[in-house]
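*Asks:* Before I ask anything, let me first share the structure, which is written out below as structure tokens.
The values are calculated or read from the model by the stated rules, or taken from the named source; none is laboratory data. All values reported here derive from a predicted model rather than from experimental measurement. We place every Cβ from the backbone using ideal geometry, glycine too, and count neighbours over all the protein chains shown.
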Amino acid sequence: MSIPNFVVNNLSAVQGKRIKIVGGIDTSIEECPYLTSLQHESNNLHLCTGSIIAHQYILTTAHCVMEPFVSFKDLRIHVGTNNTSSGKGLWYLPEKYFSHPMFSITKNEKVKHANDISIIKLYGYIEFNKYQNKINLPTTNILTAEIGTISGWGANTYPSYYASNILKKVSMTTIDTDNCQNYVPFAINSDQFCAYYKKGSGPCIGDSGAPLVKDSTTLIGILTLSIPCGTGAPDLYTNVYNHLGFIKSVLREDD
């Protein structure tokens with residue numbers, strides 16, 4: 001895989017911002033009813049992406065729900081539509097969130113982006129149907145060269161930051177961590193993996209928290225860091241399998 005060296009210089013500018021899909025194709029919410037748009041309630045702007053994992057719970061990245069990135073009081077969750085400006089679907093307010101206890105926004109290069117996972121509990125109860133439904137959690141760990149699909153809302157080109165309101169998707173392939181490490185200027189943690197497709201395709205500004213889904217049924221990763229917008233480098237995901245204990249403990253203890 002040939003990856004331009006210049007992309008690593010932009011890492012800090014992209015993590016923690018609104019990441020979108022570049023080089024993808026339009027998709028329907030029926031194809032991915034687990035997707036949710038995390039939005040600013042004050043201005044309706046898309047902030048991050050999340051995944052429905054239970055009737056009241058959304059899985060996303062921890063940096064998407066924490067200060068200074070967002071005020072939790074200004075957050076709402078939009079479900080059941082592929083068009084965030086259509087007025088269709090349903091909106092829910094968050095009751096509270098559970099971020100991984102080992103996550104922190106830090107400049108320590110050895111732990112950067114580690115444990116970037118959070119669960120939002122909603123006020124209200126999502127009734128499952130063909131437009132809004134949960135995604136399965138993994139039962140086995142990922143392997144190199146597995147193919148998954150990432151979906152999200154937003155910009156079609158880079159460096160344009162104008163978001164599309166229409167949901168898009170693109171296929172990605174998991175790659176060897178040693179290979180990926182050559183292009184990431186900090187240590188890749190044991191709870192992370194990389195995925196890549198080709199130059200001109202990939203997430204960009206607004207899809208932090210977007211799910212990487214295998215076989216259209218199983219959530220294997222959530223996007224924590226995009227190397228700018230399909231410029232030809234792999235993107236970094238939190239490995240959901242590594243955090244099954246955390247996820248199940250939240251769902252069990254909060255029930």
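*Asks:* Hey, among the residues in region 110-143 that are hydroxyl-bearing (Ser, Thr, Tyr) and touching a helix residue (DSSP H, G or I) at 6+ places or on another chain (Cβ under 9 Å), which one's nearest to Ala62 (Cα to Cα)? Give the derivation first.
*Replies:* Applying the first criterion (hydroxyl-bearing (Ser, Thr, Tyr)) to region 110-143 yields 118, 123, 125, 131, 139-140.
With the extra rule that they be touching a helix residue (DSSP H, G or I) at 6+ places or on another chain (Cβ under 9 Å), the set shrinks to 118, 139-140.
Numbers: Ser118: 5, Thr139: 22, Thr140: 23 Å.
So, considering only residues that are hydroxyl-bearing (Ser, Thr, Tyr) and touching a helix residue (DSSP H, G or I) at 6+ places or on another chain (Cβ under 9 Å), the one nearest to Ala62 (Cα to Cα) is Ser118.
*Asks:* Being surrounded by 14 or more Cβ atoms within 10 Å (Cβ to Cβ), touching a residue at least 60 places away in the same chain (Cβ under 8 Å) and of a type in the set (S, T, N, Q) is the filter here, so list the residues in region 112-135 that pass it.
*Replies:* Asn115, Gln132, Asn133
*Asks:* Under the condition of being at pLDDT 80 or above and surrounded by fewer than 20 Cβ atoms within 10 Å (Cβ to Cβ), which residue from region 64-77 is nearest to Leu225 (Cα to Cα)?
*Replies:* Applying the first criterion (at pLDDT 80 or above) to region 64-77 yields 64-66, 71-77.
Checking the rest, the ones that are also surrounded by fewer than 20 Cβ atoms within 10 Å (Cβ to Cβ) come to 66, 71-74, 76.
Numbers: Met66: 16, Ser71: 20, Phe72: 21, Lys73: 24, Asp74: 23, Arg76: 22 Å.
Among those that are at pLDDT 80 or above and surrounded by fewer than 20 Cβ atoms within 10 Å (Cβ to Cβ), it is Met66.
*Asks:* Could you figure out which of (1) of a type in the set (S, T, N, Q); (2) surrounded by 17 or more Cβ atoms within 10 Å (Cβ to Cβ); (3) at pLDDT below 95; (4) under 27 Å from Ala114 (Cβ atoms) isn't true of Thr60?
*Replies:* (3)
*Asks:* On to the next question. Which residues, taken from region 205-219, are assigned to a loop (DSSP other than H, G, I, E, B) and within 10 Å of Ile135 (Cα to Cα)? Give the derivation first.
*Replies:* Taking region 205-219 and keeping what is assigned to a loop (DSSP other than H, G, I, E, B), we get 206-210, 215-217.
Ser216, Thr217, listed by residue number.
*Asks:* Which condition number does His113 fail, the rest of (1) closer than 23 Å to Lys248 by Cα; (2) in contact with a Pro (Cβ under 9 Å, 6 or more places away or on another chain); (3) at pLDDT below 90 being met?
*Replies:* Answer for His113: the failing condition is (2).
*Asks:* Run Ile175 past the list (1) farther than 25 Å from His46 by Cα; (2) modelled with pLDDT of 95 or more and report the number of the one that doesn't hold.
*Replies:* All conditions are met except number (2).
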